[in-house]
Amino acid sequence: MNLALRKHMSSCLGAKQKTRFKNLYAKNVLMFFTAISFSLISGCNQITSQTDSSQPSQENNQPQITPAYKIKNLLNAEFTLQREGPSEAFELFYELASQSEDIVIIERLASIAVASQDDNYIERSTNLWLANEPRSEQAYALKLQVLVKNKRTEETATLLANAIRHKIPFRFLPLYLENHVRDNEKVQTLNDAIATLPPKYQENQYIQLSYAHTLFLIGQYEPAITLSKKRLARSDTEKSEVLYLILSYSQKNLGKLDEAIETLLTANQEFPLNTRILSPLIDFLVENERPQQATTVYQQAVLESSEQLQVGINFIRTLLEYKHPQKALDIANSLPEEQLGLSHQIQFLTAIAAAELGNKKQAIEIMSQVSGNLRSNATQQMALWLYDEEQENLINNIVLNRTLRENLPEQIAFISQLHEEKGHLELAYDLLNHSLNTLPESNILRYRKALLAERLGNWPTTEIELKTLLQKDPGNPQYLNALGYTLLTRTERLDEAMNYIELAYEQEANDPAVIDSLGWGHFLKGELEQSSYYLKKAWDILPDAEIAAHYGESLWRQRHYKQAIEIWGAALETAPKNPLLLNTIKRLSPSLLEKNTQEKTS
């Protein structure tokens, strides 16, 4: 069993970490003042003696934007920004930017709007920016984010049209889309906006690229293919690997894998050093049962060591996925010796390949060398292989020796669950016991130990461990219910048990486990009507086999035989092997089991 063999390749059509308008708010304030100093000095040089006619008229109450006025208000705005943050400073900067029409201050305003994370501020600042600099690609990019985020399709289309009219480079649009490929609402909004553009505007190559991309992302593969081919056929197209990827993945998703491969082979000739083309080409060839050709393509690629490692690791994963372990091992052995921090990934995959070839002992030895981020995964995989080799008694020592302290609760929980599923409760209990010596403060491990002790018949230990947990967390309904139910079923201390359960019920009145315990407690005390009330409530919330066993028995005791059989029959449909349910039915209505068996065999 290969627990962790899965592809972690990032989407070839995923986000590039590129942006031309990034972290403006973090600019140093001193640099900002330096940037605007030339305009202030220029203003100072133009000051001449003023006549009365230069004073503001009574009809114009706007303050005169002198250098002194600008500096005073700019300082006030900056101090507000530093003391109270971008939201409080925005209006001060907006007033100054509107009056001065100074692009540097307007850009500063936009950066503050971005830092505030307020869509209204961002839109207002970009509107002012575009009013004063209508060819600013950064302003268009920022405003686009706000409009698309808020599903303003018509305004998005208008923004795109304005950008085309002003001959904006438009590279921001495909980049924006690549950064949001997993956001279905944004993709749909952008697709709808582009679809409403006049035909002449849809001829823009970046619009067509983005439209092909949105069509692909919303599952419109045939139109995506048509548009991609049309764009690639034009001599004036700025060739993009994204166009080839959109075309090839659309073809693949329509079952045209051979065509998708031909598209990527063409793209590989156009972009021979592009790993975004090379990796899916190799994947498609392997999927198409052409692993030898994939190997040739990989070996002929002239790549830097880091790229060769990344592509090679992905190639190995794909070969393993499609059951070519020997070829995966050959590729692993051919990777550069200097593995740039990727050695643990390579060892992990090499071990998987060895196991697939039947060399579990060698696989365990290789996997034992894996560390770093894959350390826990490697340990879990070794445990699975040791069970395959019937050497499960070695697992606990390996787990305890390999697992870092901070990963211990999660790892012990996984391995103890594995032991339980394999029927080795004693190994699970031993592992939990030893792990608590290392991590006695772990409530998670102590609670698992308490529950497992009860299953092993060691209920006094369960009581001790649960009371220890309640000393640390007296109101925990999970601990209260577990202790109450243990005392209910293992002792004659019914009143004490009910006290714990009722405390749990006060906090978790809709928890079916707690309600079931309360109902069963009333049953054991002979309070049958109350018992049925709570057990029905638990069954209505969660039709679980153990709740069915309790509820059915309460109904049976009250001679509601038909209803009890209906409840048990429903539970048998979903949990035919539950021990408590089967034992309850055998005691009270064995004919139901016989009837159920006959129905399944007929």
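The values are calculated or read from the model by the stated rules, or taken from the named source; none is laboratory data. This one's a predicted model, so the numbers in the text were calculated from it and none came from an experiment. Virtual Cβ from ideal backbone geometry, glycine too; neighbours counted across all protein chains shown. Remember, those area values only see protein heavy atoms, side chains included, never the ligands or the DNA or RNA. Shrake-Rupley method; radii C 1.70, N 1.55, O 1.52, S 1.80 Å.
Points worth noting:
- Only residues that are among the small types (Gly, Ala, Ser), in a loop (DSSP other than H, G, I, E, B) and modelled with pLDDT of 90 or more were counted across segment 548-602, and they come to 2.
- Residues satisfying the stated conditions in segment 484-503, i.e. farther than 11 Å from GLU463 by Cβ and β-branched (Val, Ile, Thr): THR489, ILE501
- Helices (runs of 4 or more DSSP H) enclosed by segment 344-454 - at least 1 residues per element that are among the acidic types (Asp, Glu): 360-367, 375-388, 408-421, 425-438
- Given (1) surrounded by 20 or more Cβ atoms within 10 Å (Cβ to Cβ); (2) under 30 Å from the mean Cα position of the chain (by Cα), index of the condition ASN396 fails: (2)
- Candidates in segment 77-106 are the residues that are buried (at least 16 other Cβ atoms within 10 Å of the Cβ) and of a type in the set (D, E, K, R); of these, the one that is farthest from the chain's Cα centre (by Cα) is ASP102.
- Close pairs from segment 112-123: first farther than 17 Å from GLN82 by Cα and free of Cβ contacts under 8 Å to residues at least 60 places away in the same chain, partner assigned to a helix (DSSP H, G or I) and open to solvent by 40 Å² or more (accessible area, probe 1.4 Å), Cβ under 7 Å, at least 6 apart: ASP118/SER87; ASP119/LYS149; ILE122/VAL114
- Extreme residue, modelled with the lowest pLDDT, among residues of segment 215-238 that are open to solvent by less than 70 Å² (accessible area, probe 1.4 Å) and not hydrophobic (A, V, I, L, M, F, W, C): THR237
- Scanning segment 161-178 for residues that are open to solvent by 20 Å² or more (accessible area, probe 1.4 Å), more than 31 Å from the chain's Cα centre (by Cα) and at negative phi yields ASN162, ILE164, ARG165, HIS166, PRO169.
- Of the residues LEU483, LEU488, LEU503, the single one that is touching a Lys or Arg at 6+ places or on another chain (Cβ under 9 Å), within 24 Å of ILE464 (Cβ to Cβ) and either in contact (Cβ under 8 Å) with a residue 12 or more places away in the chain or hydroxyl-bearing (Ser, Thr, Tyr) (or both) is LEU483.
- All conditions in (1) surrounded by fewer than 14 Cβ atoms within 10 Å (Cβ to Cβ); (2) within 20 Å of GLN380 (Cα to Cα) hold for TYR429, with the sole exception of (1).
- Positions within segment 161-177 being of a type outside the set (A, V, I, L, M, F, W, C) and at pLDDT 90 or above, in sequence order: ASN162, ARG165, HIS166, LYS167, TYR176
- Among the conditions (1) farther than 30 Å from ASN401 by Cβ; (2) modelled with pLDDT of 95 or more; (3) open to solvent by 40 Å² or more (accessible area, probe 1.4 Å); (4) of a type in the set (Val, Ile, Thr), the only one that THR489 does not satisfy is (2).
- Number of the exception - SER210 against (1) on the phi < 0 side of the Ramachandran plot; (2) modelled with pLDDT under 95; (3) open to solvent by 10 Å² or more (accessible area, probe 1.4 Å): (3)
- Considered as a group, the residues in segment 181-207 that are of a type outside the set (S, T, N, Q) and either out of contact with any helix residue (DSSP H, G or I) (no Cβ under 7 Å at 6 or more places or on another chain) or surrounded by fewer than 16 Cβ atoms within 10 Å (Cβ to Cβ) (or both) include one that is nearest to ALA267 (Cα to Cα), and that residue is GLU203.
- Filter result for the condition that a residue is within 20 Å of ASP283 (Cβ to Cβ) and either out of contact with any Lys or Arg (no Cβ under 7 Å at 6 or more places or on another chain) or modelled with pLDDT of 90 or more (or both), over ALA260, ALA195: ALA260
- Residue selection: THR379 satisfies the criterion of being within 22 Å of HIS434 (Cβ to Cβ), out of contact with any Gly (no Cβ under 9 Å at 6 or more places or on another chain) and among the β-branched types (Val, Ile, Thr).
The rows are residues; the columns are (1) assigned to a helix (DSSP H, G or I); (2) in contact (Cβ under 8 Å) with a residue 12 or more places away in the chain; (3) open to solvent by 20 Å² or more (accessible area, probe 1.4 Å); (4) in contact with a Cys (Cβ under 7 Å, 6 or more places away or on another chain).
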| site | (1), (2), (3), (4) |
| --- | --- |
| LEU243 | yes, yes, no, no |
| ILE246 | yes, yes, no, no |
| GLU262 | yes, no, yes, no |
| THR266 | yes, yes, yes, no |
| THR296 | yes, no, yes, no |
| GLU307 | yes, yes, yes, no |
| LEU319 | yes, yes, no, no |
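- Unmet requirement for GLN326, which otherwise passes all of (1) part of a helix (DSSP H, G or I); (2) in contact (Cβ under 8 Å) with a residue 24 or more places away in the chain; (3) under 30 Å from the mean Cα position of the chain (by Cα): (3)
- Selected residue [open to solvent by 50 Å² or more (accessible area, probe 1.4 Å), in a helix (DSSP H, G or I), at pLDDT 95 or above and of a type in the set (Val, Ile, Thr)] from THR126, THR158: THR158
- Test: residue in segment 219-234 that is more than 19 Å from THR263 (Cα to Cα) and of a type in the set (A, V, I, L, M, F, W, C): no
- For LEU75, the conditions (1) at pLDDT below 50; (2) more than 30 Å from ASN150 (Cβ to Cβ); (3) outside any loop (DSSP other than H, G, I, E, B) are fulfilled apart from (1).
- Set LEU593, LEU588: member being open to solvent by less than 60 Å² (accessible area, probe 1.4 Å), farther than 26 Å from ASN476 by Cβ and in contact with an Asp or Glu (Cβ under 8 Å, 6 or more places away or on another chain): LEU588
- Residue count for segment 540-585, restricted to those that are closer than 18 Å to HIS522 by Cα, among the charged types (D, E, K, R) and buried (at least 18 other Cβ atoms within 10 Å of the Cβ): 2
- Selection from segment 157-178 of residues that are farther than 20 Å from SER228 by Cβ and of a type outside the set (A, V, I, L, M, F, W, C): THR158, ASN162, ARG165, HIS166, LYS167, PRO169
- Enumerated helices (runs of 4 or more DSSP H) restricted to segment 174-236, each holding at least 2 residues that are in contact (Cβ under 8 Å) with a residue 60 or more places away in the chain: 205-217
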